[in-house]
Amino acid sequence: MQAIWQAISHRAFHLSSARRFSRETNTVIFDDLRTIQLRHGFLPKAELEELSQRTQIPLYQIHSVASFYPHFYLTPPPKAEIRVCADMSCHLNGAAELRADIERRFANSWAEDVQIRDVSCLGRCDLSPAVSVNDHIFTNVTPAQAEQIARSAIRGEAIHEPHSEQTRVPCKSDPYSEAQQYGVMRALTQTKAWDDVLQLLKAAELRGMGGAGFPTSLKWDLVREQSNPVKYVVCNADESEPGTIKDRFIMTHLPHLLVEGMIVAGLVTGAKRGILYIRHEYHHQEEILAEEIRRCYRAGLLGKNILGSGLDFDLEIFVSPGGYICGEESALIEAIEGHRAEPRNKPPFPGQAGLWQKPTVVNNVETFVNVPQILARGVDWFTQQGVGGSRGLKFVGVSGHVSHPGIFEVPMGTSMRDVIFQHAGGIPGGRQLKAFAPSGPSSGYLPASLVDVPLDFKALAQAGSMLGSGAVVVCDDTTCMLDMALNAVRFYRNESCGKCVPCRVGSQKMTEMLVRWTRGGLPDSQYQTDLALLDELSEAMSLTSICGLGQIVPAPIQSVLKHFRAEIDAHVTKGQCPSGICFTLAARAGEMSRVGIRP
Ligand SMILES: Cc1cc2nc3c(=O)[nH]c(=O)nc-3n(C[C@H](O)[C@H](O)[C@H](O)COP(=O)(O)O)c2cc1C
Ligand code: SF4
Ligand code: FES
């Protein structure tokens, strides 16, 4: 418990940022919840009742927020809470076996001492398998290491999370030497040429890097033309989709470009306040950005009357209370406001009515980082960085079955073959490439025969996939694609916020169906019924889910049906897993416990 307290208390700087919102709006209760949790290690009922009386927020509302986020505990946690990431990249690198081994090692332990469970992607996909013990993340973990760390926690000893990325890596994307940093915004505070910025971003055809690829100049223009004098700029650094690790790298190595991109967005749109929303598992990046922000305040680049220009812009960090759905822009806004992170119905879009119903720019980390590059070096430079007609540079995270998993800065338009074989070192152990997900579960899986597809919005869409957030997950020829589809669908099922029925019920139904398929032995009539139901469910979810999560749930299994149909048929009709994955006892027991079916 002491370790959990330490994990929370070292982040006091950021909690005070949230407190400023709290005073303004009386809606944010995270600050109070965190203070209570810091005192007790969890949220005792009596404390919640006292909070309700003090703030006049109904108890049910406080409870509904506290119970939504994985970061809050309503009951005392064990001394060591071990969570094993079960998602794509970790799954490909032995997470199920790791968890089974850890469970064996603690088979005779008390529940007050240790609890072991799955957790969604921890943002360390390149260093898989990843495990968290009392919110401290450990990577490339062996069962013996996990046991040792957990036993230290049980003894009440402090445990420390290692930082793997200490030294800054020079990036092509950085237009500056150290002395030149923030040159673009310095010039803008003099010229105030806001229209030119929008024109340049439009000419560069900069598109959002968070997944949807929306044109950035249009979004900024929309916010700029709103008459409301209060506006916000929000950076989405939630990055929680399995395989997505590029923003972690960018925040580590290019924090000044991110901060500058956000300031430029504020100046151009007339927003005076920015919020950098970061996932709570990125402690190290949070520290780097907090230091960068402090540096900017000291240099007069942030705050009132920036560099004597008469312009104001404040920037704060907001640490996410957790959950993949918080990355959806309207859910993220709800979280900042202190509510459950449930996506809003759209329209209106955040550009019209976002944070506290004010016009709000929400952009991804990489999108903001592209802005100073384009403004400093010009549209021609940006255009020339891509290959084969694509524009700009792109950060891609590559994980799964590759020799050198990591984050690579490549020209947009680079072929997936080069990304996987040149940059990430190809498939280890003399195995062959079988499939790859161009961008985590949401992109579905493409077969090795399509490995020459370029890293590009249009080309990947034509291949039936998407560029998404550039999270390439690679599967070698030992992989069972039905198992991978199930893994992806289960992730969505676990992370569905439950607000709308198609997603809440549909993702569970789909998970149950795929579990049934992995077990095999289905009569043909049942298989045909399942296939028809799957299509119906997919259509209903795509058309009627409130947000992108529910719409994308069918993508992994639909792609596997398209490209690996024979493999699914072998499971269902012949009871054979060609890769020998689905019929191992460990795999079956693992899957069944996760969907609530007893073996
Ligand atoms: C379930 C879900 C999760 C998302 N997670 C992220 C995320 O972690 N980071 C991100 O930038 N965008 C994420 N998005 C997309 C955002 O809603 C939004 O489109 C994006 O932040 C806009 O920034 P951009 O235009 O710069 O891409 C997510 C969308 C959905 C539906
Ligand atoms: S689609 Fe899923 S995640 Fe999105 S609002 Fe509906 S239930 Fe929530
Ligand atoms: S850390 Fe396990 S899939 Fe990302």
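The values are calculated or read from the model by the stated rules, or taken from the named source; none is laboratory data. The shown structure was predicted, so the numbers you read here are calculated from the model rather than taken from an experiment. Because the Cβ atoms are built from the backbone with ideal geometry, glycine has one as well, and the counts that use them run over all protein chains shown.
Just a yes or no: is a residue in the stretch 519-532 surrounded by 16 or more Cβ atoms within 10 Å (Cβ to Cβ), more than 16 Å from ligand 2 (Cβ to nearest atom) and of a type in the set (A, V, I, L, M, F, W, C)? Among the residues of the stretch 519-532, at least one is surrounded by 16 or more Cβ atoms within 10 Å (Cβ to Cβ), more than 16 Å from ligand 2 (Cβ to nearest atom) and of a type in the set (A, V, I, L, M, F, W, C), which makes the answer yes. Go through the stretch 50-69 and report how many residues are outside any helix (DSSP H, G or I) and touching a Leu at 6+ places or on another chain (Cβ under 8 Å). Here the count works out to 2. Exactly one condition in (1) free of Cβ contacts under 8 Å to residues at least 60 places away in the same chain; (2) aliphatic (A, V, I, L, M); (3) within 19 Å of GLY208 (Cα to Cα) is false for ILE427; which is it? Of everything listed in (1) free of Cβ contacts under 8 Å to residues at least 60 places away in the same chain; (2) aliphatic (A, V, I, L, M); (3) within 19 Å of GLY208 (Cα to Cα), ILE427 misses just condition (3).
Picking from ILE546, ILE552, which residue would you name as being β-branched (Val, Ile, Thr), within 17 Å of PRO343 (Cβ to Cβ) and touching a Ser or Thr at 6+ places or on another chain (Cβ under 7 Å)? Result of the check over ILE546, ILE552: ILE552. Within the stretch 496-510, residues that are farther than 12 Å from LEU549 by Cα and in contact (Cβ under 8 Å) with a residue 40 or more places away in the chain reach partners that are of a type in the set (Val, Ile, Thr) and within 16 Å of ligand 3 (Cβ to nearest atom) with beta carbons closer than 7 Å, at six or more positions or on different chains, in the pairs MET510/VAL489.
In the set VAL501, VAL515, only one residue is surrounded by fewer than 17 Cβ atoms within 10 Å (Cβ to Cβ), more than 16 Å from ligand 3 (Cβ to nearest atom) and β-branched (Val, Ile, Thr); that residue is VAL501. Only one of the listed residues (ILE263, ILE293, ILE333) is more than 30 Å from GLY550 (Cα to Cα) and in contact with a Gly (Cβ under 8 Å, 6 or more places away or on another chain). That residue is ILE263.
Condition check ((1) of a type in the set (A, V, I, L, M); (2) in contact (Cβ under 8 Å) with a residue 24 or more places away in the chain; (3) in contact with a helix residue (DSSP H, G or I) (Cβ under 8 Å, 6 or more places away or on another chain); (4) more than 16 Å from ligand 2 (Cβ to nearest atom)) across all residues:
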{"site": "PRO175", "(1), (2), (3), (4)": "no, yes, yes, yes"}
{"site": "ALA193", "(1), (2), (3), (4)": "yes, no, no, yes"}
{"site": "VAL197", "(1), (2), (3), (4)": "yes, yes, yes, yes"}
{"site": "ALA212", "(1), (2), (3), (4)": "yes, yes, yes, no"}
{"site": "GLU239", "(1), (2), (3), (4)": "no, yes, yes, yes"}
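Of the residues contained in the stretch 391-413, one or more are found to be out of contact with any strand residue (DSSP E or B) (no Cβ under 7 Å at 6 or more places or on another chain) and either in contact (Cβ under 8 Å) with a residue 60 or more places away in the chain or surrounded by 24 or more Cβ atoms within 10 Å (Cβ to Cβ) (or both). Only one entry of VAL398, VAL362, VAL379, VAL387 meets the criterion of being of a type in the set (A, V, I, L, M) and either within 18 Å of HIS280 (Cα to Cα) or within 15 Å of ligand 1 (Cβ to nearest atom) (or both), and that entry is VAL362. If the condition is being of a type in the set (Asp, Glu) and more than 21 Å from the chain's Cα centre (by Cα), then the stretch 394-430 contributes only ASP418. Taking the stretch 279-291 as the range and being among the acidic types (Asp, Glu) and either under 23 Å from ALA341 (Cβ atoms) or buried (at least 21 other Cβ atoms within 10 Å of the Cβ) (or both) as the test, the residues that pass are GLU281, GLU286. For the stretch 538-553, filtering for residues that are within 13 Å of ligand 2 (Cβ to nearest atom) and in a helix (DSSP H, G or I) leaves 10. Within the stretch 300-313, is even one residue of a type outside the set (S, T, N, Q), within 16 Å of ligand 1 (Cβ to nearest atom) and crowded, with 18+ Cβ neighbours inside 10 Å? No, the stretch 300-313 has no match at all.
The residues of the stretch 91-140 that are in contact (Cβ under 8 Å) with a residue 24 or more places away in the chain, closer than 23 Å to ALA424 by Cα and assigned to a loop (DSSP other than H, G, I, E, B), listed by number, are ASN93, GLY94, CYS121, LEU122, GLY123, ARG124, SER128, PRO129, ALA130, THR139. Exactly one residue out of LEU92, LEU98, LEU127 is modelled with pLDDT of 95 or more, within 16 Å of ligand 3 (Cβ to nearest atom), more than 20 Å from the chain's Cα centre (by Cα) and over 17 Å from GLY323 (Cα atoms), and it is LEU98. Filtered by the rule that a residue be surrounded by fewer than 16 Cβ atoms within 10 Å (Cβ to Cβ) and under 17 Å from VAL131 (Cβ atoms), the stretch 52-84 gives a lone residue, PRO70.
Hey, does the stretch 502-510 have a residue that's in contact with an Asp or Glu (Cβ under 7 Å, 6 or more places away or on another chain) and at pLDDT 95 or above?
Scanning the stretch 502-510 turns up no residue that is in contact with an Asp or Glu (Cβ under 7 Å, 6 or more places away or on another chain) and at pLDDT 95 or above.
Screening the stretch 464-513 for residues that are on the phi > 0 side of the Ramachandran plot and under 15 Å from the mean Cα position of the chain (by Cα) and picking the one that is farthest from ligand 1 (Cβ to nearest atom) gives GLY470. Of all residues in the stretch 85-99, those satisfying the criterion of being buried (at least 19 other Cβ atoms within 10 Å of the Cβ), under 18 Å from CYS582 (Cβ atoms) and among the small types (Gly, Ala, Ser) are ALA86, ALA95, ALA96.
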